[in-house]
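Visitor: Handing you a structure now.
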Amino acid sequence: MRTYDADVCIVGSGPAGLGAAIELAKHGLHALVVDSNLSAGGQLIKQTHKFFGPTAHRGGVRGMVIADELYAEALDSGVEVWLDSEVYSVSSEMQERMSIEVLRNARRSNSCDTLPIFRCAIKAKYLVIASGASEKPLMFPGWTLPGVMGAGAVQTVMNVERVLPGERFLIVGSGNVGLILAYQLLQAGAKISCVIDSAPTIGGYAVHAGKVQRAGVPLITRCTIVKALGDNQVKGGQIARLDENCQIIESSVETVDVDTICIAVGLKPYARLASLAGCKFGYFPQLGGWVPLHNDRMMTTVENVYVAGDVAGVEEAAIAEDEGRLAGLDIVLKLRPDDVCVRSRIHEVQARLWESRRGPFSSDKHQAKKEIIGHWHGNVAT
Amino acid sequence: MSKVCDVIVVGCGVIGAAITYYLSASGMEVVAVEENDVGSGTSSRCDGNVLVIDKKPGFDCELALKSQELFETLEDDISFDVEYRQLGSVLAVETEAQAEGAAQWHSAMSRSGVRVKYIESSDVHAHEPMLAQDIVGLFECASDSSLNPMNLVYGYVLAAQNNGAVIKTRTKAKRLLLDTQHHIKGVETSEGTILAPLVVISAGVWTPQIVRTCGVDVPIVPRKGHIIVSERTFKVASRKIQEFGYIMAKFGEEGQRDVEPEMEKYGIAMVFEPTPHENFLIGSSREFAGFDTTCNMEVVSLMAKRAIRFFPCIEDVRVIRTYAGLRPYTQDHRPIISKVDQVPGLYIASGHEGDGIGLAPITGLLVSEMLLGCTPSVPLEPLSLNRFM
Amino acid sequence: MDDDLIVCRCEEVTVGDVKRAIEQGAFDVSGVKRRTRAGMGQCQGRTCETLIRGILASELSKRPDEFRLDTVRPPLSPVTFKTLAGGYDE
């Protein structure tokens, strides 16, 4: 099997992965990014809306443009990027190196006979896992019918494949993912019956909620999905209101005329690679569930393995990018311990990260991240 | 907190579960302690073999045959579906050189009472159409069978519990307790002490560390093996198929296989097992790697290669999981089912190295015969701990 | 929770199957998996593991964090036999 050497292997080319790679490459290190998708940019490539926030955090720029900018910056800085490359195993080798086994060209060789599919091993001293997050499931009668999809999946099909998976939509979950999806569906010409949430309040930002409501889509809180109707595919949805004890109010059960039910009940870290690499985890529901423990520089309980972005706790794109940069910089520092500039860059990024987590929406995540770091210290000490 | 019973069984994998069942069926009050969950050790990393075909002619065959007989009524005895399928098993003979050496093996097996039939090359593909074209012959043992190993564990456990046995999971045996006469008197566990005049250790690769707490050495060493799990796919074969060349190597006949050195280094031998769930398992590998059960992809790669050699049709079938388990190995490849002379009341039933599933019933029966003082169903000397002194 | 609901789509395991496994002694995801095959299919638990932990928590009256993630083994996504065997290696 062919082997390829790199200083650092980064798994995932979303903002976290590219952020790490850019810092590494700018400091003269060989950073190799691998991503199983056919384009770089992770979730950003689906985000057609303009991000908000300070200009320092790319406020006013569309997500998909940020993806292009980051990718261009990475390539300009000398980052090597392998797309259509799926990591299927990792192990540690001699001399503290990791071996990352990758399957290459799997998707493209399906449609192109002359493009060979093959495996190879990347040998790197450090591994940065930036594999993002996956959607949480919701179980209800009819949830396995064609037409019940994750909100993220609907967004991919619509914004990347440019296909509407249905005509009339019900969205379950009023967090930012559900709200942004609702607005993008409207822009694509779909009809939305309503956005429902079993919680008493809307989960996402008022800015997104406002856009959806002004477009005439009802946002109904204390409302749950009872079942998906249909024999072979979704033909409708049954929803109902909940009382203060979260019990269904029988008289409120109604049927909505939809052919697609989008489940937007939250994301959780997609950390299978971290698990295989031996990283220890902690349970933090505010960040999506089981999260790989890491210190304040993004290093996990396995010395040469870092995590960054949603895989280290579901937050936002700007935070993902900064966590990536932080991981990259800490690796640079390990190889250049006397570099004062790198040290001060690290402090700058850390300060920006903590600043991003200020504010009423993020205080629980801020607290959770502090606990993760505390658990990391506890774990490493034992 | 002490509890008194007739016998404590330490380790509730397939062997411990079988023993607990047989002892409880004989009327004894049994408490089984299991460090994790029943069958969560080696028993959960197996394929489901009940084989005679790969046993050494002689005593080993006799033991396996006796166990096979017990399987015939097992599902009724324990009222549990273990997915038992008696479809026979097959050894694929790869080369003419192997076919020549095979005649002697064939007679030795027949003398041991095993019904083995040889299928000539012209008929091979009528029996197993998906095998590689150059396979020269097949040995078939019609009485061999397959089952679901976890169902066997759960079946024995439920039947034992119905007989009144108590099974304590998440209970780790820490120390064997002896009285002033050096007789066993009980087991100290993570959940308290249990007292009993009889203790059986069926903890597989963990047996030595438990028995060491009373000063006795048990020569069982973990021998790591890997398994590859395929996705659900077309039918490749309907029964267990292994490569004959490896059986020869196992019994000391060198040079029977034309394979690269890495295959021999890891003891790679093709084992194909279909499951009732439309997928198949591929084994096997052998190495001494301590208690490590991480998957070594180099070994998996060699196993995949060897599997394709025999079944070229699986090239594009996908592997969805691999795992590794620890076989309890003894030098003569035979289990230890024995009293411990140095500690009256203490018994060992471990060391089944890859044959635990198939030998579970006979092991359970022999242990109950030993503890009750009945005439054993097979001679016990070849299984004695003393043979290593 | 309706016992007929499918939890593991790949192996068609129901809520009832999972509850029975817990009654019979399963106390973690691995134990449920070994008794029901939930999580042994094509997606290797990516969809159902969260749901199974939820059922465990509710049946055993415990908190979700008391149920650890199941062990992850390679390959992290399906790979053909030929690829693993090095049949496409350069």
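Read-outs throughout are calculated quantities, based only on the coordinates presented, and are distinct from any laboratory measurement. Bear in mind the structure is a predicted one, so any value in this text is a computation, not a measurement. Don't worry about glycine lacking a Cβ; one is built from the backbone with ideal geometry, like all the others, and counts go over all protein chains shown.
Visitor: Determine the shielding of peptide B:318-325 by partner chains: average, over its residues, the number of Cβ atoms on other chains within 10 angstrom of each Cβ.
Guide: Whole-number average of other-chain Cβ neighbours for B:318-325 is 6.
Visitor: Would you please give the FRET efficiency between residue B:175 and residue A:338, computed as 1/(1 + (r/R0)^6) with r the Cβ-Cβ distance and R0 = 56 Å, to the nearest 0.05?
Guide: Step by step, r from the Cβ atoms, then E = 0.60.
Visitor: Take peptide C:63-73, look around each residue's Cβ out to 10 angstrom, count Cβ atoms belonging to other protein chains, and average those counts. Please list the in-between numbers first.
Guide: Working: counts 2, 4, 7, 1, 2, 3, 7, 1, 4, 8, 13.
Average neighbour count from other chains, rounded to a whole number: 5.
Visitor: Can I ask one more? Sort B:62, A:69, B:34, A:167 by Cβ crowding within 10 Å, fewest neighbours at the top.
Guide: Lowest to highest Cβ neighbour count: A:167, A:69, B:62, B:34.
Visitor: As I understand it, the value is the acute angle between the Cα axis of helix B:356-372 and the longest principal axis of the Cα atoms of chain B; what does it come to in degrees, rounded to 10?
Guide: Helix B:356-372 sits at roughly 30 degrees to that axis.
Visitor: Going by Cα centres, the stretch A:13-72 and the stretch C:57-72 are how many Å apart?
Guide: Here the answer is 35 Å between Cα centres.
Visitor: If you count the DSSP beta bridges with both ends in the stretch A:137-265, what percent of them are antiparallel, to the nearest 5? Walk me through the numbers on the way to the answer.
Guide: Values: 10 of 24 bridges.
So the antiparallel bridges amount to about 40 percent of the total.
Visitor: From other protein chains only, count the Cβ atoms within 10 Å of every residue's Cβ in A:45-51, then give the mean.
Guide: 0
Visitor: Okay, moving on. Within the stretch A:24-92, list the chymotrypsin sites (Phe, Trp or Tyr not before Pro) lying in a DSSP loop whose Cβ has at most 16 other Cβ atoms in a 10 Å radius.
Guide: Here the sparse-neighbourhood loop sites are A:52.
Visitor: Would you compute, from DSSP H runs of 4+ residues alone, the mean residue ellipticity of the protein assembly as shown at 222 nm, taking -39500 (n - 2.57) per run and dividing by the full residue count, rounded to the nearest 500? Kindly include the intermediate steps, with their values, before the conclusion.
Guide: Details: 25 runs with 268 residues, N = 861.
Calculated mean residue ellipticity at 222 nm is -9500 deg cm²/dmol.
Visitor: What dipole magnitude, in Debye to the nearest 20, does the protein assembly as shown give about its Cα centre under +1 on Lys/Arg Cβ and -1 on Asp/Glu Cβ?
Guide: That gives the protein assembly as shown a dipole magnitude of about 1920 debye.
Visitor: Could you state the orientation-averaged shadow area of the convex hull built on the Cα atoms of the stretch B:207-347, in nm² to one decimal?
Guide: So the mean shadow area of the Cα hull is 10.4 nm².
Visitor: For chain A, with a Gaussian network of springs between Cα atoms less than 10 Å apart, report the residue from A:39, A:251, A:99 with the top mean-square fluctuation.
Guide: It is A:251.
Visitor: So for the pair residue A:75, residue A:381, with labels modelled 7 Å out along Cα→Cβ, what separation do we get in nm?
Guide: Reported label-point gap for residue A:75 and residue A:381 is 4.8 nm.
Visitor: Please compute the contact order of the stretch C:6-84 in relative form: average sequence separation of alpha-carbon pairs under 8 Å and at least six residues apart, divided by the residue count, as a percent.
Guide: 28
Visitor: Here's another thing I want to ask about it. Between helix B:59-71 and chain B, what is the angle of the helix's C-alpha long axis to the longest principal axis, kept within 0 to 90° and rounded to the nearest 10?
Guide: Tilt relative to chain B: about 80 degrees.
Visitor: I've got another one for you. Here are some pairs, A:191/A:211; B:235/C:82; A:26/A:334; A:136/A:235; A:211/A:369; which of them have Cα atoms lying more than 21 Å apart in this structure?
Guide: On the way: A:191/A:211 15 Å; B:235/C:82 18 Å; A:26/A:334 15 Å; A:136/A:235 23 Å; A:211/A:369 31 Å.
As for pairs spanning more than 21 Å Cα to Cα, those are A:136/A:235; A:211/A:369.
Visitor: Something else: How long is the gain from residue C:66 to residue C:90 if the chain were fully straight, where each residue apart is worth 0.36 nm and the alpha carbon distance is subtracted?
Guide: My answer for the length gained is 4.0 nm.
Visitor: Determine, from the Cβ-Cβ distance of residue B:118 and residue B:72 and an R0 of 30 Å, the FRET efficiency 1/(1 + (r/R0)^6), rounded to the nearest 0.05.
Guide: 0.75
Visitor: Across the protein assembly as shown, what fraction of all alpha-carbon pairs, as a whole percent, falls in each successive 20 Å bin from zero upward?
Guide: 14, 41, 34, 11, 0
Visitor: Ok, one more. Test of understanding: in a Gaussian network model of chain A with alpha carbons linked when under 10 Å, which of A:328, A:175, A:12 would top the mean-square fluctuation ranking?
Guide: Between A:328, A:175, A:12, it is A:175 that shows the largest mean-square fluctuation.
Visitor: Considering chain C, which cysteines have no disulfide-compatible partner, defined as another cysteine with its Cβ under 4.7 Å away?
Guide: C:10, C:43
Visitor: Using a basic spin-label model with each label point 7 Å from the Cα along Cα→Cβ, how many nm lie between residue B:127 and residue A:2?
Guide: 4.4
Visitor: Within straight cross-link reach of residue B:339, meaning Cα distance under 29 Å, which lysines are found once same-chain residues fewer than 8 apart are removed?
Guide: Partners found: B:3, B:55, B:56, B:66, B:168, B:172, B:174, B:185, B:224, B:250.
Visitor: Okay, moving on. Under a GNM of chain A (C-alpha, springs under 10 Å), which listed residue has the highest mean-square fluctuation: A:20, A:277, A:199?
Guide: Answer for the Gaussian network model of chain A: A:199.
Visitor: Sticking with this structure for a sec: Rounded to two decimals, what is the ratio between the C-alpha radius of gyration of chain B and 2.2 N^0.38 Å?
Guide: The value comes to 0.98.
Visitor: Follow-up question, since we're still on this one. Given points 7 Å out from each Cα along the Cα-Cβ axis, report the residue A:253 to residue A:163 separation in nanometres with one decimal.
Guide: The answer from the label model is 3.5 nm.
Visitor: Now a separate question. Provide Rg over Rh for the stretch A:137-265; use the alpha carbon set for both Rg and the Kirkwood Rh (inverse mean inverse pair distance).
Guide: Ratio of gyration radius to Kirkwood radius: 0.94.
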